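Asks: Below is one structure. I have some questions about it.
The values are calculated or read from the model by the stated rules, or taken from the named source; none is laboratory data. All of these numbers come straight from a predicted model, not from anything done at the bench. Counting neighbours? That spans all protein chains shown, and the Cβs are built from the backbone with ideal geometry, glycine included. Side chains included, ligands, DNA and RNA excluded: accessible areas come from the protein's heavy atoms. Shrake-Rupley method; radii C 1.70, N 1.55, O 1.52, S 1.80 Å.
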Amino acid sequence: MSNNPLLPTNIDALAAYSSAKSEKLTGTTWLNANESPYVKNIDITIDDLNRYPDPQPASVIDHYASYAQLTPEQVLMTRGADEGIELLVRTYCQPMQDSVTLFLPTYGMYKVTADTHNVAINGLNQALLLEGTVDEIITAVGDSKLVFICNPNNPTGSLTPLDKIKAIAAALESKALVIVDEAYIEFCPEQSASKLINEFANVVVLRTLSKAFALAGLRTGFTLAQESVLAPIRKVIAPYPVSTVVASIAASALSPNAITSMRRQVSILNALKTKLKQWLAASPAVLQVLSGEGNFVTLKLADKNSFNIALEQGLVMRAFTLHGENNWLRISIGNEQELEQVKIWLDCLNQSTTQKGQEVS
Ligand SMILES: *Cc1c(COP(=O)(O)O)cnc(C)c1O
């Protein structure tokens with residue numbers, strides 16, 4: 001705790017959020033933040049920066065609505081999906097009174113946002129979401145206001161079937177918002193809950209341009225829901241959340257040609273993921289591989305020090321603790337050359353594991 005008497009206790013108690021990018025690591029191959037390896041070359045001329053931007057740029061909204069097969073009224077553009085998370089908590093939760101349900105382990109920003117706004121967390125297990133019955137899940141959700149379902153889940157890659165999400169939404173209708181975070185849905189588009197939006201007033205879908213669309217630096221996301229859910233959020237959001245420059249780039253990233261090229265990149269990355277999973281499954285340095293649906297693979301190392309060996313080779317991946325074990329690793333799917341670096345690291349580990357085996361026998 002600090003000695004600052006001006007700070008509310010919940011803010012004083014916050015731990016600094018450690019994102020993949022806030023850790024000061026050095027390296028040459030970056031596979032730690034689930035970014036796309038594809039670089040867009042952007043060439044823009046903008047001649048009206050003396051004017052405030054359109055609060056919700058029509059060209060971007062219209063393009064995204066058509067991509068998501070929704071109406072423009074069902075689309076809200078935000079500064080990344082992260083701002084969508086924050087807006088939902090700020091708009092729908094009463095501090096010190098309401099709670100949000102999370103299925104852990106999951107994406108870290110839900111907790112950071114709830115803590116920041118003094119909203120309690122009902123922390124449930126990801127296993128309950130995947131293996132529990134809908135009745136068990138609804139009982140455990142209790143009177144939570146927001147239920148976050150990260151689908152596919154970061155960092156485990158697990159997928160909650162659409163019919164389960166539908167049943168949960170039906171059971172919680174007019175009780176809670178079911179927020180499906182689809183940051184990685186482009187890697188398994190047929191699993192999207194966006195088709196539930198017209199049917200259920202309590203289904204919200206979060207999307208981003210940061211992953212498959214290869215624009216993490218742009219900070220653009222979308223909150224999709226029925227108009228009645230978005231209307232109060234539109235009163236809470238900052239008046240000009242999206243800069244003219246961002247809107248212009250986002251609009252071009254959502255053109256039909258750009259979407260076709262994104263889909264082509266996704267199929268290449270999915271194929272590379274299959275290859276990486278095979279290497280990992282064959283490696284004695286890897287104890288377990290979670291078969292994920294995003295642009296990442298999560299695995300358990302036999303020896304946590306293997307991570308440091310990777311760092312020495314300039315290969316940066318995301319180490320984390322799962323089920324109380326600190327030897328887990330998430331590898332983002334990069335391009336062919338980047339995954340070659342992973343292969344070199346694995347070969348090096350495999351060699352030393354084999355040698356160790358020989359010493360013992
Ligand atoms: C990366 C990620 C986000 C963040 O998206 P931004 O649009 O970059 O804010 C949200 N949710 C999940 C699950 C993510 O992995």
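Asks: Label points 7 Å out from Cα along the Cβ direction at residue 171 and residue 348: separation in nm?
Replies: Placing both labels 7 Å beyond Cα along the Cβ direction yields 4.9 nm.
Asks: Dipole of the range 58-257, Cα-centred, from +1 at each Lys and Arg C-beta and -1 at each Asp and Glu C-beta, to the nearest 20 debye?
Replies: Using Cβ point charges on Lys, Arg, Asp and Glu, the range 58-257 gives about 440 debye.
Asks: Going through the range 27-95, which chymotrypsin sites (Phe, Trp or Tyr not before Pro) have at most 10 other Cβ atoms within 10 Å and a DSSP loop state?
Replies: Nothing satisfies the criteria.
Asks: Could I ask something else about it? Restricting to DSSP loop positions (anything but H, G, I, E, B) with no more than 14 other Cβ atoms inside 10 Å of their own Cβ, which GluC sites (Glu not before Pro) remain in the range 4-107?
Replies: 23
Asks: A further question follows. Please report the net charge: other residues with Cβ closer than 13 Å to the Cβ of residue 261, K and R +1, D and E -1.
Replies: Every neighbour counted, the sum reads +2.
Asks: Return the FRET efficiency for the residue pair residue 304, residue 2: r is the Cβ-Cβ distance, R0 is 41 Å, and the value is rounded to the nearest 0.05.
Replies: Using R0 = 41 Å, I get an efficiency of 0.80.
Asks: Let me ask something else. For 187, 320, write out the residues from largest to smallest accessible area, computed with a 1.4 angstrom probe and no ligands counted.
Replies: So the residues, ranked largest to smallest area, are 320, 187.
Asks: What's the angle, to the nearest 10 degrees (0 to 90), between helix 244-253's Cα axis and the longest principal axis of the chain?
Replies: In the chain, helix 244-253 runs at an angle near 60 degrees to the longest axis.
Asks: Averaging over every viewing direction, what projected area does the convex hull of the Cα atoms of the range 177-286 cover, in nm²?
Replies: Mean projected area for the range 177-286: 9.3 nm², to one decimal.
Asks: Residue separation times 0.36 nm, minus the C-alpha to C-alpha distance between residue 340 and residue 125: what's the value?
Replies: Contour length minus Cα-Cα distance gives 73.9 nm.
Asks: When DSSP beta bridges are limited to those with both residues in the chain, what percentage is antiparallel, rounded to the nearest 5?
Replies: 50
Asks: Moving on. Could you calculate the contour length gain from residue 13 to residue 48, that is, 0.36 nm times the residue separation minus the distance between their Cα atoms, to one decimal place in nm?
Replies: 8.3 nm
Asks: Name the residues whose placed amide hydrogens come within less than 5 Å of the amide hydrogen of residue 198, ignoring near sequence neighbours (fewer than 5 apart) on the same chain.
Replies: For residue 198, whose amide H was placed from the backbone, there are no distant partners under 5 Å.
Asks: Can you give the Rg and Dmax of the chain based on its C-alpha atoms, in angstrom?
Replies: 21.3, 74
Asks: Which FRET efficiency value, to the nearest 0.05, do you get for residue 281 and residue 140 by plugging their Cβ-Cβ distance into 1/(1 + (r/R0)^6) with R0 = 35 Å?
Replies: Between residue 281 and residue 140 the formula returns 0.55.
Asks: Next question. Measure off, as a whole percent, the carbon and sulfur share of the 1.4 Å-probe accessible area of the range 58-257, all protein chains present.
Replies: The C+S portion of the solvent-accessible surface of the range 58-257 is 54 percent.
Asks: Mind checking the per residue accessible area of the range 58-257 for me, 1.4 Å probe, whole number of Å²?
Replies: Heavy-atom accessible area per residue stands at 37 Å².
Asks: If you place +1 on the Cβ of every Lys and Arg, -1 on the Cβ of every Asp and Glu, and leave all else neutral, what size is the dipole of the chain about its Cα centre, to the nearest 20 Debye?
Replies: Result for the chain is approximately 340 debye, rounded to the nearest 20.
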